[in-house]
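Undergrad: Here's a structure for you.
The values are calculated or read from the model by the stated rules, or taken from the named source; none is laboratory data. These numbers were taken from a predicted model, which means no experiment stands behind them. Here the Cβ positions follow ideal geometry from the backbone for every residue, glycine too, while neighbour counts run over all protein chains shown. These area figures cover heavy atoms from the full protein model, side chains too; ligands, DNA and RNA do not enter into them. Shrake-Rupley method; radii C 1.70, N 1.55, O 1.52, S 1.80 Å.
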There are 2 protein chains.
Amino acid sequence: MTIGEMMSTKLSYFNFPFWRAEPSRIALHIAGIDWTDERPNREMFMAMKQSGTLPFGQLPVLEIQGVSYGQSNAIARYCGRLANLYPTDALQALRVDELMSAPEDLMIYLGATMRETDPERKLELRRAFAQERLTPWLVHIENRLLLNQESDFAVGDSMTMADLTLWRVIRWLNDGILDGVPKGIADGHLRLQRLVCAVEDHEGVQSWQNRETN
Amino acid sequence: MTIGEMMSTKLSYFNFPFWRAEPSRIALHIAGIDWTDERPNREMFMAMKQSGTLPFGQLPVLEIQGVSYGQSNAIARYCGRLANLYPTDALQALRVDELMSAPEDLMIYLGATMRETDPERKLELRRAFAQERLTPWLVHIENRLLLNQESDFAVGDSMTMADLTLWRVIRWLNDGILDGVPKGIADGHLRLQRLVCAVEDHEGVQSWQNRETN
């Protein structure tokens, strides 16, 4: 390992803005540190997996000074600390943490629909997911957000990792990306929509989205 | 709401030592604060759910000074902070967080087996889960633990929420509680077994297990 590798920070995840890594990428960008944005394709990922170097056999992975760390929310919390997007107050952190954890509740049900290979059955499972799981989940999230009147963000008066996470989850579920999950399913939740707009208007997020990529 | 309720801390979860709440109960016990250990039965839970007061429609719920918080890992992190079972150092916290998050990877696959109503199909799904998901997961956990030579615990030289979480997950998966998951499936992972023993020998855990219950 070279001295450069020893000192480096690298985040590896597939080339799409999914909630499991995009909030961490943006936090690293906002933190203003020097880091590598690695985006393996399927083939590279399989090679990484085979080599046994992925901490939990999956992505994202954050490498800090030659040591690898896994688990999206653990990584997000660390990157959030670097960027002052994670509260130091324990009760504020609890509020941020519960919203960062909430998408896992969806994944428990959505996972089975992802693995279903029969297209008709998949669509059926997705429709049931949207109606029975996603719809009440969105009501819970909306109600949690309504507890905060201080700003358009989820917790306190500035953006946190909870906002970046919810924003990416909602854009994924609401934009008609998943067959069987109706486009606009979250549109009626106005507090959540305010959060989405506030994140997209945030200077750091805009700077990330307008960055030069090569 | 009375002044007593305003000041109180209450943790509500079903009456079994599952990893989603038992680590938090133990942390509150170790923290030595005054708290209520509420254990609703199925009927009480359904009434709570109907009343719309559960933050995400599920348990555990932590109530602090009349405000409710949800999500097991968020609650665990907060209780861990109260008991000094969660590191203040960001890199140590990252290590603890990744191990606290890791069980969610299993739940994504286990969830579908829980909801399966056909007993034969359930057993088949469980066997596939044990072989294809749990077995490699245990190897990853064992390898993560081997990175720490400082003690029998997962991170640093003392017990953290990562240990309490892994201990409860492993006792649940290894004790033959889930049909189709072979008893002793984690026995070959000696580092993990050392962790389990260290947790069970811990003074605070013993004090919790030997407490007077009424």
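Undergrad: Can you send over the carbon and sulfur percentage of the accessible area for segment B:100-214, probe radius 1.4 Å, protein chains only? Can you show the working numbers first?
TA: Numbers: 2590 of 5640 Å².
Of all accessible area on segment B:100-214, carbon and sulfur atoms account for 46 percent.
Undergrad: Using r as the Cβ-Cβ distance of B:GLN131 and B:ASP201, and R0 as 22 Å, what FRET efficiency do you calculate, to the nearest 0.05?
TA: Values: r = 32 Å, r/R0 = 1.45.
Once the sixth-power term is evaluated, E becomes 0.10.
Undergrad: Follow-up question, since we're still on this one. In nm, what does the list of distances from A:LEU190 to its counterparts in the other copies look like, shortest first, when each label sits 7 Å along Cα to Cβ?
TA: List, nearest first: 6.5 nm.
Undergrad: Can you give me the distance in nm between label points at B:LEU106 and A:SER151, each placed 7 Å from the Cα along the Cα-to-Cβ direction?
TA: Simple spin-label model gives 3.8 nm for this pair.
Undergrad: Need the list of lysines near A:LYS183 for cross-linking: C-alpha distance under 20 angstrom, and skip anything on the same chain fewer than eight residues off.
TA: A:LYS122
Undergrad: Sticking with this structure for a sec: Using only the Cα atoms of segment B:123-187, construct the convex hull and provide its projected area averaged over every direction, in square nanometres to one decimal. Mind showing how you got there, number by number?
TA: On the way: hull surface 17.0 nm².
The number I arrive at for segment B:123-187 is 4.3 nm².
Undergrad: While we're looking at this one, here's another question. I'd like to know which of A:PHE129, A:MET161, A:ILE177 lies farthest towards the positive end of the charge dipole of segment A:120-202, counting +1 on Cβ of Lys and Arg and -1 on Cβ of Asp and Glu.
TA: Of the options given, the answer is A:PHE129.
Undergrad: Sort shortest first the distances from B:LEU123 to its counterpart in every other copy, using label points 7 Å along the Cα-to-beta-carbon line, and give them in nm.
TA: Those separations, rounded to one decimal, come out as 3.6 nm.
Undergrad: If you build a Gaussian network model of chain B, linking Cα atoms that sit under 10 Å apart, which residue out of B:ALA47, B:ALA31, B:ALA83 swings the most?
TA: Judging by the Gaussian network model, the answer is B:ALA47.
Undergrad: What base-10 log of the normalised intensity I(q)/I(0) is obtained for segment B:1-125 from the Debye formula, alpha carbons as equal point scatterers, at q = 0.14, 0.16, 0.18 Å⁻¹?
TA: Result of the Debye calculation: -0.72, -0.90, -1.06.
Undergrad: Considering Cα pairs under 8 angstrom that are at least six residues apart, work out the relative contact order of chain A and quote it in whole percent. All intermediate terms of the calculation are to be shown ahead of the outcome.
TA: Numbers: 275 pairs, mean separation 44.5, N = 214.
Relative contact order comes out at 21 percent.
Undergrad: Here is a further query. On average, how many beta carbons from a partner chain sit within 10 Å of the beta carbon of a residue in B:105-111? Don't jump to the answer; show the numbers that get you there.
TA: Numbers: counts 8, 0, 5, 9, 4, 2, 7.
Counting other chains' Cβ atoms within 10 Å and averaging over B:105-111 gives 5.
Undergrad: Which values of log₁₀ I(q)/I(0), to two decimal places, follow from the Debye formula for the protein assembly as shown at q = 0.11 Å⁻¹ with a uniform point scatterer at every Cα?
TA: Calculated log10 I(q)/I(0) at the listed q: -0.89.
Undergrad: Report the label-to-label distance for A:ASN84 and A:ASP179 in nanometres (one decimal), using points 7 Å from each Cα along the Cα→Cβ vector.
TA: 4.7
Undergrad: So, one more: To the nearest 500 deg cm²/dmol, what mean residue ellipticity at 222 nm is calculated for chain B from DSSP H runs of n ≥ 4 alone, each contributing -39,500 (n - 2.57), summed and divided by the residues?
TA: Details: 10 runs with 117 residues, N = 214.
Helix contribution divided over all residues of chain B: -17000 deg cm²/dmol.
Undergrad: Give me the Kirkwood hydrodynamic radius of chain B in Å, from all C-alpha pairs, to one decimal place? Working shown, then result.
TA: Details: mean 1/r = 0.0546 Å⁻¹.
Hydrodynamic radius (Kirkwood, Cα pairs) of chain B is 18.3 Å.
Undergrad: Can you give the alpha-carbon Rg of segment A:57-175 over 2.2 N^0.38 Å, where N counts its residues?
TA: Numbers: Rg = 16.4 Å, N = 119, 2.2 N^0.38 = 13.5 Å.
That works out to 1.21 for segment A:57-175.
Undergrad: Also, quick follow-up: From the P(r) of segment B:68-110, could you give the percentage of C-alpha pairs in the tail past 12 Å?
TA: Details: 581 of 903 pairs.
Within segment B:68-110, distances greater than 12 Å cover 64 percent of Cα pairs.
Undergrad: Measuring with a 1.4 Å probe in the full set of protein chains, what accessible area per residue, in whole Å², belongs to chain A? Intermediate results must be reported in sequence, preceding the final value.
TA: Numbers: 10050 Å² over 214 residues.
On a per-residue basis, 47 Å².
Undergrad: Other chains near A:76-82: what is the mean number of their Cβ atoms within 10 Å of each residue's Cβ? If you can, show how the numbers build up before the last one.
TA: Numbers: counts 1, 7, 7, 1, 1, 4, 1.
The shielding value for this peptide is 3.
Undergrad: Find the sum over both chains of the accessible area lost when B and A are paired, probe 1.4 Å, and report it in Å² to the nearest 100. Mind showing how you got there, number by number?
TA: On the way: alone 11720 and 11720 Å², together 20090 Å².
Separately minus together, B and A give about 3400 Å² buried.
Undergrad: Measure out, as a whole number of angstrom, how far apart the alpha-carbon centroids of segment B:14-60 and segment B:152-214 sit.
TA: Each part reduced to its Cα centre gives a spacing of 20 Å.
Undergrad: Along Cα-to-Cβ, 7 Å out, sits the label point; list in nm, shortest first, how far the one on A:LEU146 is from those in the other copies.
TA: The answer, with the shortest distance listed first, is 5.2 nm.
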